[in-house]
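Peer 1: Here you go, one structure.
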Amino acid sequence: MEDYLGLYRVFYTVANTENISRAARQFFISQPSLSKSISRLEEQLGTQLFIRTSRGVRLTEEGQLLYDHVRTAFEAIEQGEQQLKHMKDFGISHIRIGVSTTLCKYMLLPYLKYFVEHYPHIQITIQCQSSNQTLELLEQNKIDIGLVGLPENTKKYNFYELEEIEDIFVATEGYMDHLKLREASGTRDIFNIASVMLLDKQNMTRQYIDDYLEKNHIVTKNLLVVSTMDLLIEFSKIGLGIGCVIKEFVEKELTDGQLIQISTGIPIHKRKIGFATARQSYTPPAVENFMTHWEIFKKG
């Protein structure tokens, strides 16, 4: 296949230098080889592009017409190359991130503060929605990376584990006293009479806890659905009921006694949280950089 771009680059260079010998030196080829390239292009176009003069060459009328278009094209290419170099030199890029509101607040935001301090030229766009919706956006190539729990179908995604989280039930000590915990026949009986607060069914955490409750035959008769983890924590703190929250996000409240952990007697297995990318999609270098710096951030 003929290298038309190469032929046009030769034409463009000869037209700019107005000298075949100087143009040949720029390409590190012989003058006859370059002349053959010009002849091939003229043959393809069916017209003469240059006229030889005592000082070199000049464009024919047809050659000038072609040069005006070719110059616009190569100037656009050169501008693109310069912008790419500028992006590389200054680390300029764009990362589209999908994340749930909970993981955004408690995990992503602290990391973003660190990352933008080290890479201020990278533009970051964040879309907050459920983890299930984040995975859908990854498949549709509408985001580059998602911060999610380990997907059930790992064949569709590359998953880079960051850490584990633990789901627990919490309440105020006063609320538990109100339920007369000490007189209950067993801790699990409390869930029959307590107001149990969970996230909505679209949330991956809720789906995980629903499976846990069903598998272990734990019945919740008074269920309150809460839209966000923040509200779950706040409602639990004011004694509204028993909330299912992520332990790592209420460490302070557990330490200072605002909340106490309620055991069902059956452990809830920890979940893996990490970055996910679509397996079939190209992962830009900026996204790779974003993921690998997590370890540096955690150590530092």
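Peer 1: In degrees between 0 and 90, to the nearest 10, how far off the longest principal axis of the chain does helix 285-299 point, with axes built from Cα atoms?
Peer 2: 40 degrees
Peer 1: Separate question: Note down the nm distance, to one decimal, between modelled labels 7 Å out along Cα→Cβ at residue 76 and at residue 215.
Peer 2: Simple spin-label model gives 5.7 nm for this pair.
Peer 1: Projected onto the charge dipole of the chain (+1 at Lys/Arg Cβ, -1 at Asp/Glu Cβ, origin at the Cα centre), which of 297, 149, 84 gives the Cα projection farthest towards the positive end?
Peer 2: 84
Peer 1: In terms of Cα to Cα distance under 12 Å, which aspartates and glutamates are near enough to residue 180, apart from those fewer than 8 places away along the same chain?
Peer 2: Excluding near neighbours in sequence, the set is 189.
Peer 1: Once every DSSP H run of n ≥ 4 in the chain is given -39500 (n - 2.57) and the sum is divided by its residues, what mean residue ellipticity at 222 nm do you get, rounded to the nearest 500 deg cm²/dmol? All intermediate terms of the calculation are to be shown ahead of the outcome.
Peer 2: Working: 12 runs with 138 residues, N = 300.
Mean residue ellipticity at 222 nm (helix-derived): -14000 deg cm²/dmol.
Peer 1: Please report how far the C-alpha centroid of region 1-32 lies from that of region 192-208, rounded to the nearest whole angstrom.
Peer 2: 70 Å
Peer 1: Any chance you could give the angle, 0 to 90 degrees and rounded to 10, that helix 204-215 forms with the longest Cα principal axis of the chain?
Peer 2: Once rounded, the angle reads 40 degrees.
Peer 1: Straight distance only, please: which lysines reach the Cα of residue 142 with their own Cα at less than 16 Å, same-chain residues fewer than 8 apart left out?
Peer 2: Those lysines meeting the cut-off are 156.
Peer 1: Same structure, new question: Which of 67, 175, 212 moves the most in a Gaussian network model of the chain with Cα springs under 10 Å?
Peer 2: Comparing 67, 175, 212 in a Gaussian network model of the chain, the most mobile one is 67.
Peer 1: Mind pulling the per residue volume of the convex hull built on the Cα atoms of region 125-227? Å³ is fine.
Peer 2: Numbers: hull volume 13.9 nm³, N = 103.
Spread over its residues, the Cα hull of region 125-227 gives 135 Å³ apiece.
Peer 1: In degrees from 0 to 90, rounded to the nearest 10, what is the angle of the helix 4-17 Cα long axis to the longest principal axis of the chain?
Peer 2: That works out to roughly 60 degrees.
Peer 1: Can you tell me how the chain classifies by the Cα gyration tensor, rounded, prolate or oblate, using a/c under 1.5 as the rounded cut? Let's see the in-between values first.
Peer 2: Numbers: a/c = 4.95, a/b = 3.89, b/c = 1.27.
Prolate, because a/c is 1.5 or more and a/b exceeds b/c.
Peer 1: Ranking 259, 5 by Cβ neighbours within 10 Å, fewest first, what do you get?
Peer 2: On the way: 259 23, 5 11.
Exposure proxy ranking, most exposed first: 5, 259.
Peer 1: Shape verdict for region 191-231, please, from the Cα gyration tensor: rounded (a/c under 1.5), prolate (a/b greater than b/c) or oblate. Let's see the in-between values first.
Peer 2: Numbers: a/c = 2.75, a/b = 1.22, b/c = 2.25.
Oblate, because a/c is 1.5 or more while a/b does not exceed b/c.
Peer 1: Given the options 108, 46, 249, identify the residue whose Cα lies farthest towards the positive end of the charge dipole of the chain (+1 on Cβ of Lys, Arg; -1 on Cβ of Asp, Glu).
Peer 2: After comparing all options, I get 46.
Peer 1: Sticking with this one: Name the shape class, rounded, prolate or oblate, that the alpha-carbon gyration tensor gives for region 52-181, where a ≥ b ≥ c are the square roots of its eigenvalues, rounded holds for a/c under 1.5, and otherwise prolate holds if a/b is larger than b/c and oblate otherwise. If you can, show how the numbers build up before the last one.
Peer 2: Details: a/c = 5.12, a/b = 3.46, b/c = 1.48.
Cα axes put region 52-181 in the prolate bin.
Peer 1: In terms of Cα to Cα distance under 28 Å, which lysines are near enough to residue 36, apart from those fewer than 8 places away along the same chain?
Peer 2: none
Peer 1: Also, quick follow-up: Distance cut-off 21 Å, Cα to Cα: go down the list 215/270; 155/298; 85/113; 272/298 and report the pairs above it. Can you show the working numbers first?
Peer 2: Values: 215/270 16 Å; 155/298 28 Å; 85/113 26 Å; 272/298 16 Å.
Beyond 21 Å: 155/298; 85/113.
Peer 1: Here's a follow-up. I want to verify a result. In a Gaussian network model of the chain, Cα cutoff 10 Å, which of these has the top mean-square fluctuation: 138, 41, 199?
Peer 2: 41
Peer 1: Among 98, 56, 174, which one moves the most in a GNM of the chain with springs linking Cα atoms closer than 10 Å?
Peer 2: Most flexible of the set in this elastic network: 56.
Each reported figure results from applying straightforward, stated rules to the coordinates on display, with no laboratory input. Predicted model only: the values in this text are computed from it and were never measured. Note that each Cβ is placed from the backbone with ideal geometry, even for glycine, and that neighbours are counted across all protein chains shown.
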